[in-house]
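Encoded as structure tokens, the structure appears first; notes follow it.
Each reported figure results from applying straightforward, stated rules to the coordinates on display, with no laboratory input. Owing to the predicted nature of the structure, the values given are computational and were not obtained by experimental measurement. Counting neighbours? That spans all protein chains shown, and the Cβs are built from the backbone with ideal geometry, glycine included.
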Amino acid sequence: MLFLRQHKILISDLEANTLYPLLRRLEKQGILESLWDTDGTKPRKYYKLSVLGETVYLKLCEARL
């Protein structure tokens, strides 16, 4: 979310058929990690940056300077 907030990318502007394949690809590459929350009535999958993802993010930020 940090990248999305800082770069003003609105998730509502992305369609599901664009967002979810991207999230799965980034998870497969080790940039994201996911966690299922099954406590509620509907299971939800949450994504966060992995250690590798944080490193990649910081390098991308440095490259923009």
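Quick notes
- Once the chain from Lys28 to Arg44 is taken as fully extended at 0.36 nm per residue, the excess over their C-alpha distance is 3.9 nm.
- Annotation: the residues Lys48, Lys59, sorted from fewest to most other C-beta atoms within 10 Å of their own C-beta, follow the order Lys59, Lys48.
- Derived value for segment 25-65: Kirkwood hydrodynamic radius 11.5 Å. Basis is the mean of 1/r over every pair of different alpha-carbon atoms.
- Residues whose placed amide H lies under 5 Å from that of Leu32, excluding near-sequence neighbours: Glu27, Ser50
- Local net charge near Ile31, Cβ-Cβ under 10 Å (Lys/Arg +1, Asp/Glu -1): -1
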